[in-house]
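What follows is a single structure, written as structure tokens, with notes after it.
Read the figures in this text as sums done on the coordinates, not as results from a lab. Here the structure is a predicted model, which is why all the values come from computation and not from measurement. Cβ: placed from backbone, ideal geometry, glycine included. Neighbour counts: every protein chain shown.
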Amino acid sequence: MTDEPAKTAQLLTAHPLRAAVLGEVHARPFHPVGTPLRILHFGFSTNAAQAAEAHRALVAYCQGRGVEAPNEGVKHFRVSLGGAVLRWESHAEFSTYTWEFPALGRAAFDPPSASLATVMAGLPQPGPHLISVDLHLLDGADPIGLEDIFDSASLTSAKVDGGGAMVATDFRADPGGFVRILLRDCGLTPSRAGALVQRLLEIETYRMLALLGLPEAQQLLPRVQSIETRVSEVASQMTRSSGLEGDHELLDVLTSLLADLEAQSASWMFRIGATRAYEKLVQQRLVAIGEEAHDGWPTIGAFLSRRMAPAMRTVEMLETRQSELARKLVRAANLLRTRVDVEIEQQNRDLLRSMNERTRMQLRLQQTVEGLSVAAITYYTVGLASYVIKGLKDAALISVDPSLATAAVVPIVLLGVAFVLRRIREGALKDHS
């Protein structure tokens, strides 16, 4: 009976992404670690092609040292390399290499991080270097003067994990370029220590990635301000301008500004979305480590709320200004289009009125010409008829006075010519319609 569920599952057709979804929650597990432990953590900005190349380089690196290499398509890999452990992770826009040196160094950050960083010499840099962290896990019973290690102006220190550890950092780069984090074990189990180490590394990683949005915001801000100034100028010109040509010129300017703003927003929206996501991850990791005040120093969360929050607000402010500016541009363009449409309708109305007037004049002229044509045709027809009557009189074929006969023919010819011309005109109108 115990095999029945497994047999039933084998009979079902699985969704093509079922295995990936099931494995996602286990993709980056915590690994137990012991005290003392020295960790060097490197982060590089990578795109899809660079991440694939990093994977190939890691495979070659492992094969060259006779250890297990990562399988095709994996995003997370951990391998022991002699006295060190390498942990590699590939994310959407960055890749990390984390080196663990168990039982290395009893004194804080000794040996210096620069002497340990040579471990990256065998691995090619996959992309722009962004993150370097030197985390040292030591026994909490050993006395350590934090002011001797960190800059007291930005030193943060807190009890974490329910008092099981104490963490301290100043978020400043040491001479080797590493941000140092000191973690003192005050009763952690290996599993708890591994989870805490990974969360602290993630806080620094996601903090740096979140702050990537600030330089882009500062670079984009003058362009947004320039567009705002230009929109105000165009709005002022709209109140003074008149005429279809002037409105068309202003509409072209607004359309160009809107296109420029949309082009800026297209590249910016990904960055601001990523900034928000990374900031949220930082806050989640801060909650997870459970900070408590220690020795009067500010906690990591308190420090970041003062230093990181203003940068995040700058990014959000720029997004708000861009959105509001886009709405202003659309409203101004719609107003200008309405003015242009009204002016075009006015011109069309004047044109139709002029066309109607010309049509009436042409009709009157046509009626006049038609009347003259009737008179002219009648005149020539009656003239011809008078010659015929006179000829018949001279030949003694008729005895009627030619003048009287000619006078009698005039109304008949006149009516006949008018009737024929009318039929011709009605036939022409019918063919035209």
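Taking segment 97-140, which residues are free of Cβ contacts under 8 Å to residues at least 24 places away in the same chain and not in a helix (DSSP H, G or I)? Full working, then the answer.
Initially, segment 97-140 is screened for residues free of Cβ contacts under 8 Å to residues at least 24 places away in the same chain, giving 107, 110-111, 115, 118, 121.
Those that are free of Cβ contacts under 8 Å to residues at least 24 places away in the same chain and not in a helix (DSSP H, G or I): Ala107, Asp110, Pro111.
The rows are residues; the columns are (1) over 60 Å from the mean Cα position of the chain (by Cα); (2) surrounded by fewer than 14 Cβ atoms within 10 Å (Cβ to Cβ).
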residue	(1), (2)
Asp350	no, yes
Gly371	yes, yes
Gly383	yes, yes
Lys393	yes, no
Val400	yes, yes
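Based on this model, can you work out whether Met317 counts as more than 18 Å from the chain's Cα centre (by Cα) and under 20 Å from Leu214 (Cα atoms)? Step through it out loud before you land on a result.
Numbers: more than 18 Å from the chain's Cα centre (by Cα): no; under 20 Å from Leu214 (Cα atoms): yes.
The answer is no for Met317.
Within segment 302-311, is even one residue in contact with a strand residue (DSSP E or B) (Cβ under 6 Å, 6 or more places away or on another chain) and in contact (Cβ under 8 Å) with a residue 60 or more places away in the chain? Before you say what the answer is, go through the steps one by one.
Taking segment 302-311 and keeping what is in contact with a strand residue (DSSP E or B) (Cβ under 6 Å, 6 or more places away or on another chain), we get 303.
With in contact (Cβ under 8 Å) with a residue 60 or more places away in the chain added as a condition, the list becomes 303.
Yes, segment 302-311 contains at least one residue that is in contact with a strand residue (DSSP E or B) (Cβ under 6 Å, 6 or more places away or on another chain) and in contact (Cβ under 8 Å) with a residue 60 or more places away in the chain.
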